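The values are calculated or read from the model by the stated rules, or taken from the named source; none is laboratory data. Note that the structure is predicted; figures quoted are calculated from it, not measured. Here Cβ is always computed from backbone atoms with ideal geometry, including for glycine, and neighbour counts include all displayed protein chains. These area figures cover heavy atoms from the full protein model, side chains too; ligands, DNA and RNA do not enter into them. Shrake-Rupley method; radii C 1.70, N 1.55, O 1.52, S 1.80 Å.
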Amino acid sequence: MTSPTYVLGVDIGTTSTKAVLFTDTGDIVEKAAVGYPLNRPTPEAAEQDPEEICDAVKTSVGNVMAQSDIAPSQVRCLSFSAAMHSLILLDAANEPLTASITWADNRSADWASKIRHSHGHDIYQRTGTPIHPMSPLVKLVWLRHDHPDLFKRASRFVSIKEYVLFQLCRDFVVDYSIAGATGLFNLNTLNWDAAALDLAGVSAQKLSCLVPTTHVMPPLQAACAAEMGLARETPVVVGASDGCLANLGVGAIAPGTVAITLGTSGAIRTVAPQPQTDPNEILFCYPLTAQHWVIGGAVNNGGIVFQWVRDRLAATEVATAELLQQDAYDILTDMAATIPPGADGILFHPYLAGERSPLWNADARGSFFGLALHHTKAHLVRAVLEGVVFNLRLVLEALEEAAGKAETIRASGGFAQSALWRQILADICDRPITVPESYEASCFGAALLGLCALGDIPSLEEAAKRVQASHDQTPIAENVARYQPLIPIYGRLLDCFKREYGPLARLSTHLKDNL
Ligand code: ADP
């Protein structure tokens with residue numbers, strides 16, 4: 001009898017690195033997470049320590065292996081997911097000159113707006129990465145112009161994943177998926193984009209070697225293998241980015257299937273057989289493989305807005321929750337469930353954190369519209385849950401315009417713990433929603449991709465069949481009928497508000513400066 005095989009998916013995320021050991025049929029055997037801070041030395045900066053993240057990768061894998069009683073030889077492979085858009089400058093000795101500058105870093109905002117108003121649209125069309133301070137291209141332009149000494153000292157420009165893999169396997173490679181989110185990668189040639197490199201002032205020699213996401217790395221360094229409890233010969237598959245792998249991890253890989261993630265932030269993505277950008281620049285396009293292009297939009301204002309309600313507006317409910325040993329979110333959603341769909345005429349625009357898709361406007365702000373004297377806190381909570389979904393629907397519409405109708409929606413993220421919020425999503429999108437088992441989608445996607453890379457699963461389509469579903473939420477006709485007339489009002493209000501976000505932001509800055 002052959003011994004069972006296992007596969008390790010590792011996701012290098014923004015708040016932690018998660019390692020999950022799966023059986024080859026997708027059951028979780030063990031998991032571990034090691035967190036690290038997102039440092040904000042100034043309000044605009046959002047950086048992390050590359051060494052701390054390397055340690056977290058080794059510790060999380062080491063912990064998983066220590067907790068399980070399987071032999072290193074039973075691990076079929078280790079495969080990686082990572083957050084997109086990070087940038088680290090390295091010196092000639094491959095030592096970091098900077099921290100890992102993450103997607104959340106806003107210091108290049110002025111350069112983003114300059115590029116957007118010059119040749120930004122052409123670059124977006126070729127690279128699929130929206131022109132935004134999150135993009136490594138924009139960060140490079142900022143560093144080149146505003147920190148020329150530092151920029152000139154850099155011998156190499158890498159992402160956090162390249163840095164970690166270099167520490168583990170001593171080779172600088174970048175998978176198409178992570179490269180595809182740098183703003184430097186040409187979607188049609190699968191190579192660096194000459195004009196984008198020129199704008200960034202970077203030559204291809206200073207970037208890592210491009211490889212497909214199924215690439216197998218050179219053997220693990222002996223010390224690293226020992227620290228992680230793996231064998232040196234355990235294959236390390238380079239893997240892809242977290243967003244692309246989340247689609248695979250929830251089984252949304254076929255055209256017509258859309259993945260909605262609603263965690264702290266949110267995203268809507270689908271997979272197309274060829275690259276595709278959109279004329280309005282609402283959507284991104286990143287490769288998973290040369291035959292699987294993930295197109296979609298990321299929103300800032302997901303669950304973080306509900307978190308704001310809990311932390312800033314719901315002291316009584318939080319205290320009650322503590323007393324009853326319940327989750328405050330459950331108390332708040334129970335309150336919201338007492339109000340009928342449509343929140344009795346209140347519309348909430350959720351842009352508390354500025355917005356990426358569909359607005360790409362850091363100055364956007366939140367608002368309640370339609371308030372009357374009889375409205376209560378429960379109405380406001382319901383309006384917030386609905387407003388987050390009205391915004392997601394706008395991104396869904398843009399995606400459907402680009403990629404065709406979403407026949408099936410697979411939803412994941414913290415919101416799915418609430419039956420009410422799941423129902424609101426099904427009703428406002430007027431589509432049945434399937435929620436896959438709540439394991440880490442990106443880790444599972446990485447594990448599945450690893451098995452494809454080694455030929456154990458013949459295709460990503462076959463891999464997606466291994467995803468099991470736990471909830472199905474069907475739209476309720478009566479609720480859909482209540483939401484339908486509100487959707488165009490939400491959009492028309494947004495068109496009005498959009499004109500005032502910039503002036504209001506400038507006024508706020510002016511008022512602050514004159515305090
Ligand atoms: P992350 O994206 O950081 O991994 P999660 O996927 O865990 O985060 O999602 C966190 C969000 O999920 C919270 O901000 C909150 O809005 C939402 N959430 C968590 N628990 C509940 C709950 N019981 N009911 C409704 N929403 C919840």
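Would you be able to tell me the number of residues in region 414-443 that are basic (Lys, Arg) and more than 12 Å from the ligand (Cβ to nearest atom)? If you could, list the steps in order and put the result at the bottom.
Here is the first cut: in region 414-443, the ones basic (Lys, Arg) are 422, 431.
From what's left, more than 12 Å from the ligand (Cβ to nearest atom): 431.
So the answer is 1.
Condition test on Ala378, is it within 16 Å of the ligand (Cβ to nearest atom) and modelled with pLDDT under 95? Before you say what the answer is, go through the steps one by one.
Details: within 16 Å of the ligand (Cβ to nearest atom): yes; modelled with pLDDT under 95: no.
Criteria not met by Ala378.
For region 333-348, how many residues are in contact (Cβ under 8 Å) with a residue 40 or more places away in the chain and part of a loop (DSSP other than H, G, I, E, B)?
6
Taking the criterion of being of a type in the set (S, T, N, Q), at pLDDT 95 or above and closer than 17 Å to Ala200 by Cβ, would at least one residue in region 146-156 satisfy it? Before you say what the answer is, go through the steps one by one.
Within region 146-156, the first condition is being of a type in the set (S, T, N, Q), and the residues that meet it are 155.
Right, trim to at pLDDT 95 or above and you get 155.
Still in the list and also closer than 17 Å to Ala200 by Cβ: 155.
Yes, region 146-156 contains a residue that is of a type in the set (S, T, N, Q), at pLDDT 95 or above and closer than 17 Å to Ala200 by Cβ.
For region 123-137, what are the residues that are assigned to a helix (DSSP H, G or I) and either open to solvent by less than 10 Å² (accessible area, probe 1.4 Å) or modelled with pLDDT under 95 (or both)?
Residues of region 123-137 that are assigned to a helix (DSSP H, G or I), as a first pass: 123-127, 136-137.
Selection gives Ile123, Tyr124, Thr127, Pro136, Leu137.
Sort out for me the strands (runs of 3 or more DSSP E) sitting completely within region 194-284 that have 2 or more residues that are among the small types (Gly, Ala, Ser) and either closer than 27 Å to Ser16 by Cα or away from the ligand (no atom under 16 Å from the Cβ) (or both).
Numbers: elements: 209-211, 236-241, 257-262, 266-272.
Ranges flagged: 236-241, 266-272.
So, restricting to strands (runs of 3 or more DSSP E) that lie completely within region 1-79, which ones have at least 3 residues that are closer than 22 Å to Pro218 by Cβ and β-branched (Val, Ile, Thr)? Spell out how you get there, then give the answer.
Numbers: elements: 6-12, 16-23, 28-35.
In region 1-79, 6-12 are the strands (runs of 3 or more DSSP E) which contain 3 or more residues that are closer than 22 Å to Pro218 by Cβ and β-branched (Val, Ile, Thr).
Tell me which of these Phe157 doesn't satisfy, since it passes every other one: (1) touching a helix residue (DSSP H, G or I) at 6+ places or on another chain (Cβ under 9 Å); (2) over 21 Å from Ala45 (Cα atoms).
(2)
Filter region 336-348 for residues that are within 15 Å of the ligand (Cβ to nearest atom), farther than 14 Å from Ile487 by Cα and either surrounded by fewer than 19 Cβ atoms within 10 Å (Cβ to Cβ) or not aliphatic (A, V, I, L, M) (or both) and give the result. So that I can check it myself, show each step before the final result.
Within region 336-348, the first condition is being within 15 Å of the ligand (Cβ to nearest atom), and the residues that meet it are 336-337, 348.
Okay, now just the ones that are also farther than 14 Å from Ile487 by Cα, so 336-337.
Once the filter is applied, which keeps residues that are within 15 Å of the ligand (Cβ to nearest atom), farther than 14 Å from Ile487 by Cα and either surrounded by fewer than 19 Cβ atoms within 10 Å (Cβ to Cβ) or not aliphatic (A, V, I, L, M) (or both), region 336-348 yields only Ala337.
Checking the conditions here, which among Ala321, Ala298 is within 25 Å of the chain's Cα centre (by Cα), more than 10 Å from the ligand (Cβ to nearest atom) and either assigned to a helix (DSSP H, G or I) or touching a residue at least 40 places away in the same chain (Cβ under 8 Å) (or both)?
Residue meeting the stated conditions: Ala298.
Does Ala453 count as at negative phi, open to solvent by less than 10 Å² (accessible area, probe 1.4 Å) and either at pLDDT 95 or above or touching a Phe, Trp or Tyr at 6+ places or on another chain (Cβ under 7 Å) (or both)? Write out each step before concluding.
Values: at negative phi: yes; open to solvent by less than 10 Å² (accessible area, probe 1.4 Å): no; either at pLDDT 95 or above or touching a Phe, Trp or Tyr at 6+ places or on another chain (Cβ under 7 Å) (or both): yes.
So Ala453 fails the test.
In this structure, is Ser208 without any contact (Cβ under 8 Å) to a residue 60 or more places away in the chain, surrounded by 18 or more Cβ atoms within 10 Å (Cβ to Cβ) and closer than 29 Å to Ala298 by Cα?
Values: without any contact (Cβ under 8 Å) to a residue 60 or more places away in the chain: yes; surrounded by 18 or more Cβ atoms within 10 Å (Cβ to Cβ): yes; closer than 29 Å to Ala298 by Cα: yes.
Yes, satisfied.
With the structure loaded, tell me whether Ala231 is farther than 30 Å from Val305 by Cβ and at pLDDT below 95 or whether it fails that test.
Numbers: farther than 30 Å from Val305 by Cβ: yes; at pLDDT below 95: no.
The answer is no for Ala231.
Considering Lys31, Lys58, which residue is among the basic types (Lys, Arg), closer than 19 Å to Leu165 by Cα and open to solvent by 10 Å² or more (accessible area, probe 1.4 Å)?
Details: Lys31 fails: closer than 19 Å to Leu165 by Cα.
Unique residue meeting the criteria: Lys58.
Please list, ordered by residue number, the helices (runs of 4 or more DSSP H) wholly in region 349-454 having 1 or more residues that are charged (D, E, K, R). So that I can check it myself, show each step before the final result.
Numbers: elements: 377-403, 419-429, 441-453.
Answer list for region 349-454: 377-403, 419-429.
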